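The values are calculated or read from the model by the stated rules, or taken from the named source; none is laboratory data. Since the model is a prediction, treat every value here as computed from it, not as a measurement. Positions of Cβ are backbone-derived with ideal geometry, glycine not excepted, and every protein chain shown enters the neighbour counts.
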Amino acid sequence: MIKIKSLFLVLICFPVLVFSQLKSNSNLFRFEIKNKAKEFNKEINFNKAQYFFLESNWDSTLVYSMKQLSSSDNKELNDFCHYFRATSFNKKKLFNEAKKEFDLISSKFRFYYKVKLTLGEIALKQNEFQKGLEYFEEIENLPNSFEYDLKSSTVLHNIGLCYLHLKKNDEAEKYLFKASTLQEMDKDTLLLIGSYIDIANLYYEQYKDNQAIPYFKKAYELSKKVKSFDLKIAAVLNMAVVEENRKNFPLALTYRKEYEIWKDSLNDQNKVWAIADLEKKFAIKQKQKEVDVLAAENKAKIAERNGFLISSVLLFVLLGTGVYFYRQKIRNNKIILAQKNELDELNATKDKLFSIVSHDLRSSVNALKVSNSKLLDNLESKNYTELDVLLHKNSSIASGAYNLLDNLLNWALLQTKQAYFYQESLHLASIVQHVEYNYKPLMLNKNINFKNNVATADHVFADLDSLKIIIRNFLDNAIKFSKENGTISIYSRPSSEEFCYLVIEDTGLGMNESTRKELLKETILLSKKQNDDIIGTGLGMQLCKSLIRKNEGKLDIESEENVGTRIIIALPKFKNHG
């Protein structure tokens with residue numbers, strides 16, 4: 001019973017923190033940021049940083065806010081840039097980095113109370129409840145006026161959560177009820193659901209089931225009216241566990257089924273097919289237009305030839321004119337045939353792509369279905385050890401399917417020439433560091449030793465988004481094909497006059513010479529998978545080769561079976577960098 005209730009506290013705490021952050025990003029703060037951008041319109045890096053911050057593009061925010069901090073000593077703008085960076089790290093769940101940036105903000109910063117609020121929320125996420133309580137109490141008594149875009153109910157609720165985790169139930173009850181009363185007055189349904197769940201857990205922890213269950217039910221009923229899947233899942237899962245503890249297993253099973261429905265993600269497969277089908281129709285339509293144009297031109301040439309034939313009879317040059325138009329016809333037929341062959345090749349490529357993607361998605365979805373069935377069985381038998389294994393397996397399957405979908409979307413945009421592409425000066429070490437943050441958990445899971453020795457002086461002339469896609473795919477492959485306790489290194493080779501060389505090296509499975517040559521071939525067909533046990537279609541490699549060519553770069557591969565692989569990416573230097 002105690003273990004199940006402890007699980008509730010984890011489930012309900014996190015959604016509330018997320019909503020408090022969303023509420024803090026108010027119109028007043030956005031208005032002030034835009035005013036600063038107008039006031040300092042000559043500060044290009046600050047303007048880009050604030051734009052990407054307001055668009056929630058956290059990676060780009062980190063890049064341009066760092067550029068602004070490196071090139072300016074304006075304390076007011078520096079406070080905003082540190083806030084941008086801290087918020088970006090927080091959104092990326094890099095909490096320690098976020099706290100370091102918040103500590104660099106001056107106490108004279110107009111929105112310093114937001115710093116205290118977010119530091120308190122981070123402390124809650126890191127289970128530092130006493131420290132979080134101290135942060136929240138500093139802003140508890142701020143006046144409700146237009147000068148502060150802070151909801152009192154949010155602060156009161158978080159104080160209640162701190163007391164709840166500190167086992168000070170009387171204080172927790174007082175603050176949670178204060179918060180819920182304000183939320184009921186404001187008709188803030190999203191936060192109210194979280195408050196009801198927290199109040200229910202407060203009573204449930206004290207074995208006051210008769211007081212707890214009505215609040216669980218209130219939260220569940222309210223969750224039906226909102227679009228937040230996190231809240232729906234938390235509310236219905238709480239009801240399932242409550243009914244299980246009450247031995248009402250038929251009703252608990254009903255809640256469990258509803259819980260599974262909300263988590264069902266099979267419609268992602270329909271999205272993939274819709275994208276692929278749209279791309280195929282677009283390509284066929286474009287080629288058909290070209291064929292129609294050529295056919296129309298051919299008809300015009302035939303009519304012209306007939307006119308010349310009549311003239312040639314009059315001018316006694318029938319033979320010469322006939323030869324001329326015959327050659328024209330042959331030339332047009334060759335063009336039409338070439339277009340037809342190109343269209344057939346494109347259709348064959350699309351069909352192969354559909355076949356491979358369909359197979360991999362079907363395998364991933366089927367694996368998830370089987371694993372979820374095992375999850376339910378082990379949940380009923382309370383086999384927590386096997387549950388942990390299955391959850392990690394589900395995460396790995398979902399991650400592989402997501403990477404496949406992401407590569408497919410980028411490949412489709414590239415093929416249809418819809419992708420945004422803008423080359424600029426990029427600090428290579430910073431880009432690698434940003435991509436590295438997203439893959440730290442995967443490397444830790446396989447106990448992989450990671451080394452980043454990219455030269456800080458290297459600046460390349462490339463498109464930011466496509467460069468991230470290239471590094472992300474090759475780093476993902478290095479992790480995928482590396483063994484437990486392996487090593488992955490990213491470093492720079494001595495650059496030439498025209499190129500910077502980025503090397504991604506692993507100590508994984510490696511490949512033979514024939515596979516290496518096949519991967520480097522200039523072809524639009526997909527590569528075969530070397531190992532069926534590892535998810536992959538070869539689409540990522542084709543996407544990377546296309547993007548490297550688009551950035552006017554080069555790719556080389558050095559590899560040896562059972563020793564490892566070295567990917568060498570050559571990118572143009574930014575020659576005007578000072």
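If residue 148 satisfies all but one of (1) closer than 26 Å to residue 185 by Cα; (2) in contact with a Gly (Cβ under 9 Å, 6 or more places away or on another chain), what's the number of the condition it fails?
Checking residue 148 against (1) closer than 26 Å to residue 185 by Cα; (2) in contact with a Gly (Cβ under 9 Å, 6 or more places away or on another chain), the one that fails is (2).
All but one of (1) within 21 Å of residue 30 (Cβ to Cβ); (2) surrounded by fewer than 20 Cβ atoms within 10 Å (Cβ to Cβ); (3) of a type in the set (Asp, Glu) hold for residue 97; which doesn't?
Going through the list (1) within 21 Å of residue 30 (Cβ to Cβ); (2) surrounded by fewer than 20 Cβ atoms within 10 Å (Cβ to Cβ); (3) of a type in the set (Asp, Glu), residue 97 breaks only (1).
Across region 403-414, which residue is modelled with the lowest pLDDT among those that are more than 29 Å from residue 391 (Cα to Cα) and crowded, with 19+ Cβ neighbours inside 10 Å?
This residue is 411.
Just give me the residues in region 192-224 being under 21 Å from residue 181 (Cα atoms), touching a helix residue (DSSP H, G or I) at 6+ places or on another chain (Cβ under 7 Å) and charged (D, E, K, R), in sequence order.
Residues satisfying the conditions are 198, 218.
If residue 184 meets every condition in (1) free of Cβ contacts under 8 Å to residues at least 24 places away in the same chain; (2) among the acidic types (Asp, Glu); (3) touching a Leu at 6+ places or on another chain (Cβ under 9 Å); (4) under 30 Å from residue 382 (Cβ atoms) apart from one, which number is that one?
It fails just one condition, (4).
Identify, by number, the condition in (1) over 30 Å from residue 468 (Cβ atoms); (2) buried (at least 19 other Cβ atoms within 10 Å of the Cβ); (3) in contact with a Lys or Arg (Cβ under 8 Å, 6 or more places away or on another chain) that residue 117 doesn't meet.
(3)
Would you check if residue 227 is modelled with pLDDT of 85 or more and out of contact with any helix residue (DSSP H, G or I) (no Cβ under 8 Å at 6 or more places or on another chain)?
no
Return the residues of region 66-107 that are under 24 Å from residue 440 (Cα atoms) and assigned to a loop (DSSP other than H, G, I, E, B); say none if nothing qualifies.
Within region 66-107, 92, 93, 94 qualify.
So which residues in region 48-66 are surrounded by fewer than 18 Cβ atoms within 10 Å (Cβ to Cβ) and in contact with a helix residue (DSSP H, G or I) (Cβ under 8 Å, 6 or more places away or on another chain)?
51, 54, 56, 66
Could you list, in sequence order, all residues of region 463-481 that are acidic (Asp, Glu) and either within 12 Å of residue 567 (Cα to Cα) or out of contact with any strand residue (DSSP E or B) (no Cβ under 8 Å at 6 or more places or on another chain) (or both)?
Answer for region 463-481, where residues must be acidic (Asp, Glu) and either within 12 Å of residue 567 (Cα to Cα) or out of contact with any strand residue (DSSP E or B) (no Cβ under 8 Å at 6 or more places or on another chain) (or both): 465, 476.
Exactly one of these conditions fails for residue 134: (1) touching a Phe, Trp or Tyr at 6+ places or on another chain (Cβ under 9 Å); (2) in a helix (DSSP H, G or I); (3) of a type in the set (D, E, K, R); (4) over 26 Å from residue 242 (Cβ atoms). Give me its number.
(1)
Within the group 154, 189, 87, which residue is within 29 Å of residue 224 (Cα to Cα), crowded, with 22+ Cβ neighbours inside 10 Å and under 29 Å from the mean Cα position of the chain (by Cα)?
Answer to the selection: 154.
Please note which helices (runs of 4 or more DSSP H) are completely contained in region 168-269 and include at least 1 residues that are under 16 Å from residue 158 (Cβ atoms) and in the same structural domain as residue 370 (by TED's automatic domain parsing).
Hits in region 168-269: none.
Counting only residues that are in a strand (DSSP E or B) and hydroxyl-bearing (Ser, Thr, Tyr), how many does region 486-515 have?
5
Select from region 120-137 the residues that are without any contact (Cβ under 8 Å) to a residue 24 or more places away in the chain and out of contact with any Asp or Glu (no Cβ under 9 Å at 6 or more places or on another chain) and list them in ascending order.
Within region 120-137, 128, 131, 134, 137 qualify.
Please count how many residues of region 422-469 are part of a loop (DSSP other than H, G, I, E, B), surrounded by 14 or more Cβ atoms within 10 Å (Cβ to Cβ) and not aliphatic (A, V, I, L, M).
So the answer is 2.
Of everything in region 451-485, what is touching a Ser or Thr at 6+ places or on another chain (Cβ under 8 Å) and of a type in the set (Phe, Trp, Tyr)? Give them in sequence order.
461, 481
Just to be sure I understand the filter: pairs with C-beta atoms under 8 Å, separated by 6 or more residues or on different chains, first member in region 375-386 and over 12 Å from residue 256 (Cα atoms), second member in a helix (DSSP H, G or I) and of a type in the set (Lys, Arg). Which pairs pass?
386/374
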